[in-house]
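The values are calculated or read from the model by the stated rules, or taken from the named source; none is laboratory data. Keep in mind it's a predicted model, so treat the numbers as computed, not measured. Neighbour counts run over all protein chains shown; Cβ positions are idealised from the backbone, glycine included. Just so you know, the surface numbers come from the protein's heavy atoms only, side chains and all, with ligands and any DNA or RNA stripped out. Shrake-Rupley method; radii C 1.70, N 1.55, O 1.52, S 1.80 Å.
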Amino acid sequence: MHVLVVLSHPDTKSFSHAISQRFMDGAIEAGHTCEIADLHAEGFNPCWSLEDIENEGSSPPKDILKEQARIEKCDAVCFVFPLFWFGMPAMLKGWIDRVWSWGWAYDQLDDHNKSLQKDRTAIMLIPAGANPNSWEPYTEIEKSMRNIWETGTLGYFGFKEKRTHILNGSTGSDQRRENLLNDAFEVGVHCFRS
(Lines give C-alpha, C1' and ligand atoms only; values in the text may rest on other atoms or scores of the structure.)
Protein backbone atom coordinates (compact mmCIF):
# COMPACT_ATOMS: atom_id res chain seq x y z
CA MET A 1 0.00 0.00 0.00
CA HIS A 2 1.14 3.55 -0.68
CA VAL A 3 0.92 6.44 1.79
CA LEU A 4 1.10 10.15 0.99
CA VAL A 5 2.43 12.07 3.99
CA VAL A 6 1.35 15.72 3.87
CA LEU A 7 3.59 17.75 6.16
CA SER A 8 2.82 21.33 7.15
CA HIS A 9 5.61 22.97 9.15
CA PRO A 10 8.18 25.50 7.87
CA ASP A 11 11.04 24.38 10.15
CA THR A 12 12.87 21.25 8.97
CA LYS A 13 14.11 20.77 12.57
CA SER A 14 10.57 20.79 13.98
CA PHE A 15 8.99 18.01 15.97
CA SER A 16 6.39 17.71 13.19
CA HIS A 17 9.18 16.79 10.77
CA ALA A 18 10.50 14.20 13.24
CA ILE A 19 6.98 12.78 13.69
CA SER A 20 6.49 12.46 9.92
CA GLN A 21 9.83 10.65 9.55
CA ARG A 22 9.06 8.19 12.35
CA PHE A 23 5.62 7.51 10.89
CA MET A 24 7.20 6.79 7.49
CA ASP A 25 9.83 4.56 9.13
CA GLY A 26 7.03 2.49 10.66
CA ALA A 27 5.02 2.29 7.43
CA ILE A 28 8.10 1.23 5.47
CA GLU A 29 8.97 -1.39 8.08
CA ALA A 30 5.45 -2.79 7.59
CA GLY A 31 6.13 -3.10 3.85
CA HIS A 32 4.37 0.04 2.61
CA THR A 33 5.75 2.79 0.39
CA CYS A 34 5.65 6.47 1.30
CA GLU A 35 5.86 9.79 -0.48
CA ILE A 36 6.16 13.07 1.37
CA ALA A 37 4.52 16.32 0.35
CA ASP A 38 6.46 18.86 2.42
CA LEU A 39 4.27 21.85 1.61
CA HIS A 40 6.69 24.53 2.83
CA ALA A 41 9.83 23.01 1.31
CA GLU A 42 8.03 22.56 -2.00
CA GLY A 43 6.73 26.13 -2.01
CA PHE A 44 3.05 25.22 -2.31
CA ASN A 45 0.82 28.28 -2.73
CA PRO A 46 -2.07 27.89 -0.27
CA CYS A 47 -4.01 30.95 -1.47
CA TRP A 48 -7.37 30.01 -2.95
CA SER A 49 -7.86 32.16 -6.03
CA LEU A 50 -10.37 33.23 -8.64
CA GLU A 51 -8.49 30.96 -11.08
CA ASP A 52 -9.18 28.01 -8.76
CA ILE A 53 -12.89 28.85 -8.70
CA GLU A 54 -13.17 29.40 -12.45
CA ASN A 55 -11.46 26.07 -13.19
CA GLU A 56 -13.22 23.86 -10.64
CA GLY A 57 -14.20 20.57 -12.21
CA SER A 58 -12.60 21.36 -15.57
CA SER A 59 -8.95 22.37 -15.85
CA PRO A 60 -7.30 23.09 -12.51
CA PRO A 61 -3.94 24.93 -12.36
CA LYS A 62 -0.81 22.79 -12.85
CA ASP A 63 0.18 22.91 -9.19
CA ILE A 64 -3.20 21.45 -8.24
CA LEU A 65 -3.02 18.73 -10.91
CA LYS A 66 0.36 17.70 -9.46
CA GLU A 67 -1.10 17.34 -5.97
CA GLN A 68 -4.18 15.50 -7.22
CA ALA A 69 -1.95 13.04 -9.11
CA ARG A 70 -0.12 12.29 -5.85
CA ILE A 71 -3.41 11.61 -4.12
CA GLU A 72 -4.74 9.42 -6.91
CA LYS A 73 -1.87 6.95 -6.51
CA CYS A 74 -2.09 6.62 -2.72
CA ASP A 75 -4.13 4.34 -0.50
CA ALA A 76 -3.82 6.54 2.58
CA VAL A 77 -3.02 10.13 3.43
CA CYS A 78 -1.24 11.02 6.66
CA PHE A 79 -1.52 14.68 7.61
CA VAL A 80 1.19 15.92 9.99
CA PHE A 81 0.86 19.41 11.43
CA PRO A 82 1.20 21.20 14.76
CA LEU A 83 -1.96 22.10 16.63
CA PHE A 84 -2.23 25.80 15.90
CA TRP A 85 -4.85 27.75 17.88
CA PHE A 86 -6.99 24.59 18.08
CA GLY A 87 -6.81 24.13 14.31
CA MET A 88 -4.52 23.37 11.42
CA PRO A 89 -1.98 25.88 10.08
CA ALA A 90 -3.06 28.07 7.15
CA MET A 91 -0.70 26.27 4.75
CA LEU A 92 -2.46 22.93 5.22
CA LYS A 93 -5.93 24.47 5.23
CA GLY A 94 -5.09 26.17 1.92
CA TRP A 95 -3.76 22.90 0.49
CA ILE A 96 -7.03 21.17 1.39
CA ASP A 97 -9.14 24.04 0.04
CA ARG A 98 -7.32 24.15 -3.28
CA VAL A 99 -6.51 20.49 -3.94
CA TRP A 100 -9.66 18.65 -2.78
CA SER A 101 -11.79 20.67 -5.15
CA TRP A 102 -15.39 20.49 -6.30
CA GLY A 103 -15.69 18.27 -9.35
CA TRP A 104 -12.59 16.27 -8.45
CA ALA A 105 -13.02 15.24 -4.81
CA TYR A 106 -16.79 15.67 -4.48
CA ASP A 107 -19.76 16.97 -6.44
CA GLN A 108 -22.55 17.17 -3.88
CA LEU A 109 -23.09 18.20 -0.28
CA ASP A 110 -26.17 16.18 0.73
CA ASP A 111 -24.33 12.98 1.67
CA HIS A 112 -20.80 13.33 2.97
CA ASN A 113 -20.28 9.60 2.37
CA LYS A 114 -20.51 10.08 -1.41
CA SER A 115 -17.18 11.07 -2.86
CA LEU A 116 -15.67 11.07 -6.31
CA GLN A 117 -12.54 9.55 -4.75
CA LYS A 118 -11.81 5.91 -3.94
CA ASP A 119 -11.95 4.74 -0.36
CA ARG A 120 -8.80 5.69 1.52
CA THR A 121 -7.53 5.86 5.07
CA ALA A 122 -6.85 9.26 6.64
CA ILE A 123 -4.47 9.64 9.54
CA MET A 124 -3.79 12.90 11.35
CA LEU A 125 -0.69 13.17 13.55
CA ILE A 126 -0.91 16.45 15.42
CA PRO A 127 1.87 17.47 17.82
CA ALA A 128 0.45 19.68 20.57
CA GLY A 129 2.49 21.43 23.22
CA ALA A 130 -0.06 20.99 26.01
CA ASN A 131 0.82 18.58 28.77
CA PRO A 132 -1.53 15.58 28.58
CA ASN A 133 -2.54 16.18 32.21
CA SER A 134 -3.63 19.74 31.43
CA TRP A 135 -5.70 18.77 28.37
CA GLU A 136 -8.83 17.72 30.30
CA PRO A 137 -10.50 21.19 30.16
CA TYR A 138 -10.23 21.02 26.36
CA THR A 139 -11.90 17.66 25.75
CA GLU A 140 -15.06 19.30 24.35
CA ILE A 141 -12.95 21.42 22.01
CA GLU A 142 -11.10 18.27 20.92
CA LYS A 143 -14.43 16.59 20.11
CA SER A 144 -15.38 19.62 18.01
CA MET A 145 -12.03 19.59 16.18
CA ARG A 146 -12.39 15.89 15.41
CA ASN A 147 -15.94 16.47 14.15
CA ILE A 148 -14.85 19.35 11.91
CA TRP A 149 -11.87 17.42 10.49
CA GLU A 150 -13.24 13.89 10.31
CA THR A 151 -16.82 14.64 9.26
CA GLY A 152 -16.88 18.17 7.89
CA THR A 153 -13.70 17.92 5.83
CA LEU A 154 -12.35 14.41 5.34
CA GLY A 155 -15.84 12.90 5.23
CA TYR A 156 -16.44 14.34 1.77
CA PHE A 157 -13.18 13.08 0.29
CA GLY A 158 -13.53 9.29 0.23
CA PHE A 159 -11.87 8.62 3.56
CA LYS A 160 -13.81 5.73 5.04
CA GLU A 161 -11.40 5.28 7.93
CA LYS A 162 -10.29 8.43 9.73
CA ARG A 163 -7.95 8.43 12.73
CA THR A 164 -6.82 11.52 14.58
CA HIS A 165 -3.91 11.36 17.02
CA ILE A 166 -3.32 14.49 19.08
CA LEU A 167 0.21 14.10 20.40
CA ASN A 168 0.07 16.08 23.64
CA GLY A 169 3.28 17.02 25.39
CA SER A 170 5.37 17.55 22.27
CA THR A 171 7.26 20.36 23.99
CA GLY A 172 7.80 18.25 27.11
CA SER A 173 10.68 16.16 28.38
CA ASP A 174 13.01 14.22 26.11
CA GLN A 175 11.38 11.00 27.33
CA ARG A 176 7.90 12.31 26.54
CA ARG A 177 9.00 13.35 23.05
CA GLU A 178 10.64 9.96 22.46
CA ASN A 179 7.40 8.24 23.51
CA LEU A 180 5.47 10.35 20.99
CA LEU A 181 7.97 9.48 18.26
CA ASN A 182 7.52 5.80 19.13
CA ASP A 183 3.74 6.27 18.96
CA ALA A 184 4.10 7.77 15.46
CA PHE A 185 6.23 4.78 14.41
CA GLU A 186 3.54 2.36 15.65
CA VAL A 187 0.81 4.31 13.83
CA GLY A 188 2.92 3.89 10.67
CA VAL A 189 3.34 0.17 11.23
CA HIS A 190 -0.44 -0.23 11.68
CA CYS A 191 -1.64 2.42 9.22
CA PHE A 192 -3.66 -0.18 7.29
CA ARG A 193 -5.78 -2.19 9.66
CA SER A 194 -7.10 -5.48 8.39
Please tell me the relative contact order of segment 2-189 in percent, rounded to the nearest whole number, where contacts are Cα pairs under 8 Å and at least six residues apart.
-> 29
Just the number, please: carbon plus sulfur as a percent of the accessible area of segment 2-189, 1.4 Å probe, no ligands or DNA/RNA counted.
-> 52
Accessible area per residue of the chain at 1.4 Å probe, in Å²?
-> 50
Lysines with Cα under 28 Å of Lys118, excluding same-chain neighbours fewer than 8 positions away = Lys62, Lys66, Lys73, Lys93, Lys143, Lys160, Lys162
Under 10 Å, Cβ to Cβ, from Gly158 - net charge with Lys/Arg +1 and Asp/Glu -1 | +3
For His32 the rounded accessible area (nearest 10 Å², probe 1.4 Å, non-protein molecules ignored) is 30
TM-like helix rule applied to the chain (DSSP H, alpha carbon span at least 18 Å on the long axis, mean Kyte-Doolittle at least -0.5) gives 15-29
Nearest-0.05 FRET efficiency for Asp75 and Thr171 at R0 = 25 Å, using Cβ-Cβ distance, is 0.15
Taking only DSSP H segments of four or more residues, each worth -39500 (n - 2.57), what value at 222 nm results for the chain once the sum is divided by all its residues, to the nearest 500 deg cm²/dmol?
-> -10000 deg cm²/dmol
Which stretch or stretches of segment 46-70 have amide N atoms under 12 Å from the point lying 7 Å from Gln117's Cα along the Cα→Cβ direction?
-> 67-70
Volume of the Cα convex hull of segment 2-189, divided per residue and given in Å³ = 113
Sorted by accessible surface (1.4 Å probe, heavy atoms of the protein chains only), largest first, Glu54, Glu42 come out as Glu54, Glu42
To the nearest 0.05, what FRET efficiency results for Cys47 and His2 with a Förster distance of 41 Å applied to their C-beta separation?
-> 0.90
